1. Please enumerate the residues belonging to region 77-106 that are in contact with an Asp or Glu (Cβ under 8 Å, 6 or more places away or on another chain), of a type in the set (A, V, I, L, M) and at pLDDT below 95.
2. Looking at region 95-102, is at least one residue of a type in the set (A, V, I, L, M, F, W, C) and touching a Pro at 6+ places or on another chain (Cβ under 7 Å)?
3. Does THR62 satisfy being out of contact with any His (no Cβ under 8 Å at 6 or more places or on another chain), part of a loop (DSSP other than H, G, I, E, B) and within 21 Å of ILE104 (Cα to Cα)?
4. When the residues of region 131-155 are narrowed to those that are crowded, with 24+ Cβ neighbours inside 10 Å, under 15 Å from the mean Cα position of the chain (by Cα) and aliphatic (A, V, I, L, M), which ends up nearest to LYS217 (Cα to Cα)?
5. Please state which one of ALA234, ALA252, ALA160 is at pLDDT below 95 and under 30 Å from GLU85 (Cα atoms).
6. Condition check: buried (at least 23 other Cβ atoms within 10 Å of the Cβ) and of a type in the set (S, T, N, Q). Does SER78 satisfy that?
7. Six or more apart or on different chains, Cβ under 9 Å: which pairs go from a residue in region 173-194 that's more than 14 Å from VAL126 (Cα to Cα) to one that's assigned to a loop (DSSP other than H, G, I, E, B) and β-branched (Val, Ile, Thr)? Could you list them?
8. Which pairs do you get when a residue that is closer than 16 Å to ALA198 by Cβ and small (Gly, Ala, Ser), found in region 8-31, comes within reach of a residue that is at pLDDT 95 or above and not in a strand (DSSP E or B), reach meaning Cβ atoms under 6 angstrom, with the pair 6+ apart or on two chains?
Amino acid sequence: MDMQNTSGSLLTTIENKIATVEFGHPASNSFPRSLLNLLTLEINNLSSNEAVAVIILKSKGTKAFCAGASFDELLAVSNPEEGLEFFSGFAHLINAMRSCSKLIVGRVQGKAVGGGVGIAAACDYVFATVDAAIKLSELAIGIGPFVIEPAVSRKIGKTAMTEMTLDAEQWKSAGWAQEKGLYAKVLENQVELDIEMAHFTQKLASYNPDALAEMKKVIWEGTENWDTLLLERAAITGQLVLSDFTRKALAAFKK
């Protein structure tokens, strides 16, 4: 599947049982709702594709991995229904990654903010570079990382998630993210990153597919309530984004 327009791009290639899914957007690989929907659909399709054993999730370019939600679309939310609709995009994506029958290996080549951290946390195994610093900046714009919190806390624990969330303007290094369990491996540069990833995913794809599918279920045990939980969280964020505080903060942030 190859889709490209002003709302971003999505490209999937399948080779040797490994599906590589690459998303992109000119604004630091941020997500408008339409791109979230496409990625969710693609993860769901690959879940039932028997030619695929492993999914690599990556973003376009050499700089930011993902800047989270689209600022323009955040500013355009004008009522609670639109707020819920927008934030449920991340809820549906994380749930698709969670319930996908294939293991998802993330490639984080650069900085991840907000929803981008959530996407990394929803991967089953993550390779990153030393440039892949992370930040949960939501409180600084009057909302909170409510939708992605279960995915982030599941990976790094409530304490580290709290530290990131309350220190909303502070970047945490890739080393910190590895120490807390978000990243499995941190490499010096993107060349080394791709060599390591190729080696790892080829090995993974050679294992018994039934064993991999069963392992995926085990990894995500205890998250069955996320189908409703993440949508409840999307409603909270959808309300908060309408506040005067958030409106002013977003306008200032955009400048």
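1. Matches in region 77-106: none.
2. Within region 95-102 (the criterion being of a type in the set (A, V, I, L, M, F, W, C) and touching a Pro at 6+ places or on another chain (Cβ under 7 Å)), the answer is no, since none of the residues qualifies.
3. yes
4. ALA151
5. Of ALA234, ALA252, ALA160, the one residue that is at pLDDT below 95 and under 30 Å from GLU85 (Cα atoms) is ALA252.
6. Spelling it out, it is not the case that SER78 is buried (at least 23 other Cβ atoms within 10 Å of the Cβ) and of a type in the set (S, T, N, Q).
7. From region 173-194, the pairs are SER173/VAL130; GLU188/VAL130; ASN189/VAL130.
8. ALA19/LEU46; ALA19/VAL52
The values are calculated or read from the model by the stated rules, or taken from the named source; none is laboratory data. Since the model is a prediction, treat every value here as computed from it, not as a measurement. Every residue, glycine among them, receives a Cβ derived from its backbone with ideal geometry; neighbour counts consider all protein chains shown.
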